[in-house]
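Asker: Okay, here's the structure, questions in a sec.
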Amino acid sequence: MVAFALIVSGIGVVAFSTSIVVAAFQEKLGDLREYRVFSELERGRRYTVLCGFGEVGQVVAAKLHEARRRFVVLEQDEDKVRLAAKRGYLVVRGDAADNELLETLGVRDRAHTLVCVTGDDVKNVFVTVSARRMNEGLRIIARAGTKEVVRKLTLAGANHVVSPSEIVGLMGAEYVGRPAA
């Protein structure tokens, strides 16, 4: 009985110790991945910061990757971060509305373009205002969910505002008018 108790407790101690080491290693692995992204961005200029990796952000990222443009994805959702990393994109997990993070990503001096396509109109306006204050020469492309937000994003400093619902409506009207278009 004593030998059995020693064996079970020994296995428990080893399993517990192993789980602690693995958890610590996994935590450090995320930090190392982010450090690699930041160090790669510091080496160059004229890249794009893509805020949001939803449906629109994924299309933008695919087109930027296809055109061999340098870009970094900024996304909060862990599943979307993993998807972006799986596709081979530089990605940082964080909130696009965090000014310190935007500055760390080089919005003030190294980034050429900021594409703000989060699913939240308020966040898009806030990020646009923050980015414009950091860098007057930054090219900002923002997504608007409604017509009212288009004007607000323009006033906030966006160079170009894209409204996916308006684009789909224009395309639908074009196809109705000319089915062979």
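Bear in mind that the values in this text are calculations on the coordinates, not laboratory data. Computed from a predicted structure; not experimentally measured. Cβ coordinates were reconstructed from backbone atoms using ideal geometry, including for glycine residues, and neighbour counts include every protein chain displayed.
Asker: If packing is taken as the mean number of other Cβ atoms within 10 Å per residue, what is the order of 164-170, 127-133, highest first?
Answerer: Going by the mean number of other Cβ atoms within 10 Å, highest first, we get 127-133, 164-170.
Asker: How big is region 72-131 along each principal axis, measuring the range of its Cα positions in Å and listing the largest first?
Answerer: That works out to 31, 25, 17 Å along the principal axes.
Asker: Here's another thing I want to ask about it. So, how do all the Cα-to-Cα distances of region 97-144 break down into 10 Å bins, in percent, from 0 on up?
Answerer: Distribution as computed: 31, 60, 9 percent.
Asker: If you don't mind, another one. Counting only residues 5 or more places away or on other chains, whose amide H sits under 5 Å from the amide H of Val91 once H atoms are built in the peptide plane?
Answerer: Hits under the 5 Å cutoff: Val73.
Asker: Turning to a different aspect of this structure: Within the chain, which whole H helices from DSSP have a Cα span along their axis of at least 30 Å and a mean Kyte-Doolittle hydropathy of 0.5 or more, if any?
Answerer: 2-42
Asker: Using a Cα distance threshold of under 22 Å, what count of lysine pairs results for region 32-153 when pairs must be 8 or more residues apart or interchain?
Answerer: 5
Asker: I'm checking a number: the convex hull volume of the Cα atoms of the chain, normalised per residue, in Å³. What is it?
Answerer: In the chain, the Cα hull volume divided by residue count equals 178 Å³.
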